[in-house]
Amino acid sequence: MPSHPPATTPRTPGRRTVVAGAGLAVGAATLGSPALAATRPLLSTQARHLVGRFSYGVTPALAREVRGRGGARAWFDWQLSPGRISDRQGDALLGWFPHLSWSTSRIAAENDSGRVGGWEVMADYQNWLLLRRMKSRHQVLETMTEFWENHFNVPVSADGVYTYRKHYGDVIRARALDSFESLLQAVSVHPAMGMYLGNAVSDKDHPNENQGRELLELHTVGLAAGYDESDVVDSARILTGWRVDMWDTWAAFYDRGSHYRKPVHVLGFRSANGSGDGRKVTREYLHYLAHHPATAQHLAAKLAVAFVSDTPPASLVRHLAHVYLRHGTQIRPVLRALVDSSEFRHSVGEKIRDPENDLVATYRLMGVDVAKPTDPDRAAHQLLWQASTMGMMPMSWPAPNGQPIAGAAWASPSRVMGSMSTHYTMAGGWWPNKGIHYPKPTSWLPAPTTRFDHLVDHLARQILHRPASDTLQQACREAVATGGHEQVDKNHPVMLWLFPRLLTTFFDSPDFLRR
């Protein structure tokens, strides 16, 4: 066994060759290691599927939690009541970013003085989101919070929203598993939404149509509902009065004098709207939209695309829409119906991880620990830049429609190269390199000395939560030019200098990039 780098490594292929080989792993026969399988039990394929779709990576610890709750379906039900689940590690993260606890007026004052820019507060918010997804025990809640924050997208870079954006996210998180109506009522009159889509400066004489239009097209009934321009105008008129004193006091208030006071008609909703206080008609209008059959279809289709497949069958969408209406827009029954459907059970591996999920899952499954930051160059402040390298920072999609949830948007060569670069950098522990701990290569050894193919199988079970396929074994052998029966210990070249090539082979594989 060599103890130093060989002069040449003629059998070591390029990474593209390795990944192409790994791409054949799907559906291939497995080699496995009975001894390791006995000591590290895996969830069933269906259990891994459910937990993987509604978490940011099935770690060994999460698998133990699932088994402890009596299985994946029981775990899912338990997760739907996050208030009963202690989450001290997730809760403590807020203390890592003091700016996020500032009031709106404090954020505005610090920005105006030049001491702390609003963009810095938003960068903290983006990093905090990524860290919550990594560390929180509320994996289903975090998954659904991300879904709804994208559905009601307010980008962190929009003018002035840094004053209210953290609070806006809190409002969504508090209702992410409640009823859609409660979500709609809260976000539609929130200052952050009003500033982003212009309703904060809209009035009876010059109603800004942006939010009235997106409320119909994106947030509720969708284009298929058949509304026209007159519906959009009245939708905007109903929302007049919800103001923000932008660029001065930043106070959010209801202004009776700016509310439109004449009859309004949107689809089947009608109101005399004669009061200067339009808050009641706003609530009634949003209630109407939340319970509209077209909204049920729109939301059911979007949930099915996000959690089942990019092309869900119409029968599933109709079923979920029926459950949504039957339960008064409650979200939990819809999610239960979704995971209990045969379409969900048959969608194993059909979704592609988007860049944010990829980054968070890489941290979780690589066992990388991020420490509380003591200054800006620490890892906790660099996460969003890693996400940017992979293709998207959290809550930065500039358009009202939110970032794509279909896989085609995230299957481009540039995105894959960005993911590969980040995986390799992290596998080597090269960056970020402050305020962060990467497991040493030897910590991945299942025993002081082990056969290489057993090491590969052990890694597959830890990272991919499945035994290593023959093709993955081959890809790993080629990545580090090591025979399957070769004995590996702490002094082997794989442990001394080749481990980043081995480790990144798992994270670049289709089994990881799909979920």
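Going residue by residue through the range 290-301, is there one that turns out to be part of a loop (DSSP other than H, G, I, E, B), surrounded by fewer than 16 Cβ atoms within 10 Å (Cβ to Cβ) and in contact with a helix residue (DSSP H, G or I) (Cβ under 9 Å, 6 or more places away or on another chain)? No, because not a single residue in the range 290-301 is part of a loop (DSSP other than H, G, I, E, B), surrounded by fewer than 16 Cβ atoms within 10 Å (Cβ to Cβ) and in contact with a helix residue (DSSP H, G or I) (Cβ under 9 Å, 6 or more places away or on another chain).
Residues checked against (1) closer than 28 Å to residue 466 by Cα; (2) more than 24 Å from the chain's Cα centre (by Cα):
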{"position": "384", "(1), (2)": "no, no"}
{"position": "392", "(1), (2)": "no, no"}
{"position": "402", "(1), (2)": "no, no"}
{"position": "412", "(1), (2)": "yes, no"}
{"position": "430", "(1), (2)": "yes, yes"}
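The requirement of being in a helix (DSSP H, G or I), crowded, with 17+ Cβ neighbours inside 10 Å and touching a residue at least 24 places away in the same chain (Cβ under 8 Å) is satisfied by residue 505. Count of the range 408-428 residues, restricted to those that are in contact with a Pro (Cβ under 8 Å, 6 or more places away or on another chain), open to solvent by less than 60 Å² (accessible area, probe 1.4 Å) and of a type outside the set (Lys, Arg), is 5. Among the residues making up the range 316-328, a single one is open to solvent by less than 20 Å² (accessible area, probe 1.4 Å) and small (Gly, Ala, Ser): 321.
Show me the strands (runs of 3 or more DSSP E) found entirely inside the range 223-275 where at least 1 residues are in contact (Cβ under 8 Å) with a residue 40 or more places away in the chain, touching a strand residue (DSSP E or B) at 6+ places or on another chain (Cβ under 6 Å) and surrounded by 19 or more Cβ atoms within 10 Å (Cβ to Cβ).
Numbers: elements: 242-244, 252-254, 264-266, 269-271.
Per the criteria, 242-244, 252-254.
Within the range 355-381, the set of residues being more than 26 Å from residue 49 (Cα to Cα) and either open to solvent by 30 Å² or more (accessible area, probe 1.4 Å) or among the charged types (D, E, K, R) (or both) comprises 371, 372, 374, 375, 376, 377, 378, 381.
Would you pick out the residues in the range 190-222 that are among the aliphatic types (A, V, I, L, M) and either open to solvent by 40 Å² or more (accessible area, probe 1.4 Å) or more than 19 Å from residue 169 (Cα to Cα) (or both)? 201, 216, 221 - these are the residues of the range 190-222 that are among the aliphatic types (A, V, I, L, M) and either open to solvent by 40 Å² or more (accessible area, probe 1.4 Å) or more than 19 Å from residue 169 (Cα to Cα) (or both). Only residues that are open to solvent by 40 Å² or more (accessible area, probe 1.4 Å), among the hydrophobic types (A, V, I, L, M, F, W, C) and at pLDDT 95 or above were counted in the range 35-80, giving 3. Taking residues in the range 367-385 that are over 16 Å from residue 95 (Cβ atoms), and partners anywhere that are among the aromatic types (Phe, Trp, Tyr) and surrounded by 14 or more Cβ atoms within 10 Å (Cβ to Cβ), the pairs with Cβ atoms closer than 6 Å and at least 6 places apart or on different chains are 368/438.
Of the numbered criteria (1) crowded, with 17+ Cβ neighbours inside 10 Å; (2) without any contact (Cβ under 8 Å) to a residue 40 or more places away in the chain, the one residue 104 fails is (2). When the range 278-289 is filtered for residues that are farther than 25 Å from residue 163 by Cβ and either assigned to a loop (DSSP other than H, G, I, E, B) or open to solvent by less than 40 Å² (accessible area, probe 1.4 Å) (or both), the ones remaining, listed by number, are 281, 285, 289. Within the set 475, 468, the sole residue that is under 19 Å from residue 497 (Cα atoms) and buried (at least 20 other Cβ atoms within 10 Å of the Cβ) turns out to be 475.
Only one of the listed residues (428, 484, 435) is on the phi > 0 side of the Ramachandran plot and among the small types (Gly, Ala, Ser). That residue is 435. Go through the residues of the range 131-153 one by one and say whether even a single one is closer than 30 Å to residue 262 by Cβ and open to solvent by less than 10 Å² (accessible area, probe 1.4 Å). Yes, the range 131-153 has at least one match. A single entry from 331, 405 fulfils the requirement of being touching a residue at least 40 places away in the same chain (Cβ under 8 Å), open to solvent by 40 Å² or more (accessible area, probe 1.4 Å) and in contact with a helix residue (DSSP H, G or I) (Cβ under 8 Å, 6 or more places away or on another chain): 405. Residue under question is residue 352, and the condition is that it be in contact (Cβ under 8 Å) with a residue 40 or more places away in the chain, open to solvent by 30 Å² or more (accessible area, probe 1.4 Å) and more than 12 Å from residue 297 (Cα to Cα); does it hold? For residue 352, the condition - in contact (Cβ under 8 Å) with a residue 40 or more places away in the chain, open to solvent by 30 Å² or more (accessible area, probe 1.4 Å) and more than 12 Å from residue 297 (Cα to Cα) - is met. Note on the range 146-202: enclosed helices (runs of 4 or more DSSP H) holding 2 or more residues that are farther than 22 Å from residue 221 by Cα are 165-175, 191-197.
Only residues that are part of a loop (DSSP other than H, G, I, E, B) and either of a type in the set (Phe, Trp, Tyr) or more than 21 Å from residue 61 (Cβ to Cβ) (or both) were counted across the range 448-467, and they come to 2.
Considering the range 302-315, the residues that are outside any helix (DSSP H, G or I) and out of contact with any Gly (no Cβ under 6 Å at 6 or more places or on another chain) include one that is most open to solvent (accessible area, probe 1.4 Å), namely 311. For the range 481-498, the set of residues classified as outside any loop (DSSP other than H, G, I, E, B), in contact with a Phe, Trp or Tyr (Cβ under 8 Å, 6 or more places away or on another chain) and surrounded by 15 or more Cβ atoms within 10 Å (Cβ to Cβ) consists of 488, 494, listed by residue number.
On the given criteria, is residue 128 under 21 Å from residue 218 (Cβ atoms), in contact with a Leu (Cβ under 7 Å, 6 or more places away or on another chain), surrounded by fewer than 24 Cβ atoms within 10 Å (Cβ to Cβ) and modelled with pLDDT of 95 or more?
No.
Counting just the residues of the range 285-317 that are free of Cβ contacts under 8 Å to residues at least 40 places away in the same chain and of a type in the set (A, V, I, L, M, F, W, C), which one comes out nearest to residue 236 (Cα to Cα)?
Across the range 285-317, the extreme among qualifying residues is 296.
The values are calculated or read from the model by the stated rules, or taken from the named source; none is laboratory data. Predicted model only: the values in this text are computed from it and were never measured. Positions of Cβ are backbone-derived with ideal geometry, glycine not excepted, and every protein chain shown enters the neighbour counts. Just so you know, the surface numbers come from the protein's heavy atoms only, side chains and all, with ligands and any DNA or RNA stripped out. Shrake-Rupley method; radii C 1.70, N 1.55, O 1.52, S 1.80 Å.
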